[in-house]
Amino acid sequence: QVQLVESGGGLVQPGGSLRLSCAASGFTFSTYTMMWYRQAPGKERELVADINSRGFTTNYVDSVKGRFTISRDNAKNTAYLQMNSLKPEDTAVYYCNAKKGLSNYWGQGTQVTVSS
């Protein structure tokens, strides 16, 4: 059974930091591209960051460049999203995604709220 389980969300003040984790099981994690998406109320789901299977290449949406870092530990079957200098506009449900060819798996999401 394929599972992606996000954790690490919560309430944080503007300028604060959070680290999200995505624990994967049920597939060969090290061969999949990992992605983080987010969805705010009333908005379409947005791709935030991605990292290739070996961790050599990363990409970010412009709004988070310089603040967020995606990483992975293939030995632990886990992907991460380090979020620094958080802004209220970052408030959303964050989802991890694993993709390889026609396979596309999603986690259940974790809430991130940035508010003073």
TYR32: passes all of (1) touching a helix residue (DSSP H, G or I) at 6+ places or on another chain (Cβ under 9 Å); (2) within 19 Å of VAL2 (Cα to Cα); (3) buried (at least 17 other Cβ atoms within 10 Å of the Cβ) but (1)
What tally of residues in the stretch 88-116 results from selecting those that are in a loop (DSSP other than H, G, I, E, B), closer than 16 Å to LEU11 by Cβ and either out of contact with any strand residue (DSSP E or B) (no Cβ under 6 Å at 6 or more places or on another chain) or of a type in the set (Phe, Trp, Tyr) (or both)? 2
One residue from ARG38, ARG72, ARG19, ARG45 being within 14 Å of GLN111 (Cα to Cα), among the basic types (Lys, Arg) and crowded, with 16+ Cβ neighbours inside 10 Å: ARG38
Does LEU86 count as over 15 Å from LEU4 (Cα atoms) and open to solvent by 50 Å² or more (accessible area, probe 1.4 Å)? no
Would you please list the contacts, defined by Cβ atoms under 8 Å and residues six or more apart or on different chains, that run from a residue in the stretch 101-114 that is on the phi > 0 side of the Ramachandran plot to a residue that is modelled with pLDDT of 95 or more and surrounded by 16 or more Cβ atoms within 10 Å (Cβ to Cβ)? GLY109/GLU6; GLY109/VAL93; GLY109/TYR94; GLY109/TYR95
Within the group THR33, THR69, THR28, THR78, which residue is free of Cβ contacts under 8 Å to residues at least 24 places away in the same chain and farther than 22 Å from THR113 by Cβ? THR28
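The values are calculated or read from the model by the stated rules, or taken from the named source; none is laboratory data. The structure displayed is predicted, hence computed values, not measured ones. Reconstructed Cβ throughout: ideal geometry from the backbone, glycine too, with neighbour counts over all protein chains shown. Ligands, DNA and RNA are stripped out before the accessible areas are found, and what is left, the full protein with its side chains, is counted by its heavy atoms. Shrake-Rupley method; radii C 1.70, N 1.55, O 1.52, S 1.80 Å.
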